[in-house]
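*Asks:* Before I ask anything, here is the structure I am working with.
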Amino acid sequence: MHKILMSLALVALPAFAGEVGEEVELSSGAVTALPCALEAQKTGKLELLNTCPMSQAAKGLVVFDVAEKTFYRLAPKKVSTYELEKAYGGGSIDVTGTVTKKDKDGVMVVEATEYSITPKPKPGAFKGCL
């Protein structure tokens, strides 16, 4: 019975990544809102990351690591919100940094040392062969 309760507790709580001082390297992280990241992590429906309504962004932007199914908030000292908004809903970000703290929502905050943002493609931008 104890094992059942332990596994139920693990399922019920969101898995926040990292520990303070840990190095983080994210490649092609999805920029999304915190509520959508929580839901994608809980359900496994990763399409929620790119279809998250902009109204949810007011609750905070996070970077979702699709490979690990975890997410981080980026410290605003290095990466501005307007830069993250460029990648919101379909773009991505590559980040190298260090976890500095856990914020009020329980999300680990990464102080980026290097980053590059790939903006969301403009509608109709794809002109490849079909």
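None of the figures in this text is laboratory data; all of them are computed from the coordinates on show. The structure presented is a predicted model; accordingly, all values stated were derived computationally and were not measured. Methodologically, a virtual Cβ is constructed for each residue, glycine included, from the backbone with ideal geometry; neighbour enumeration extends over all protein chains shown.
*Asks:* Based on this model, can you work out whether residue 70 counts as of a type in the set (S, T, N, Q), without any contact (Cβ under 8 Å) to a residue 24 or more places away in the chain and farther than 20 Å from residue 121 by Cβ?
*Replies:* So residue 70 fails the test.
*Asks:* Inside the stretch 79-116, can you point out the residues that are assigned to a loop (DSSP other than H, G, I, E, B) and either at positive phi or of a type in the set (Asp, Glu) (or both)?
*Replies:* Those that are assigned to a loop (DSSP other than H, G, I, E, B) and either at positive phi or of a type in the set (Asp, Glu) (or both): 89, 90, 103, 105, 106.
*Asks:* For residues in the stretch 46-67 being touching a residue at least 40 places away in the same chain (Cβ under 8 Å) and of a type outside the set (A, V, I, L, M, F, W, C), which is farthest from residue 100 (Cα to Cα)?
*Replies:* My answer is 50.
*Asks:* Tally up the residues in the stretch 33-56 that are of a type in the set (S, T, N, Q) and either crowded, with 21+ Cβ neighbours inside 10 Å or over 18 Å from residue 85 (Cβ atoms) (or both), please.
*Replies:* Of the residues in that region, 2 qualify.
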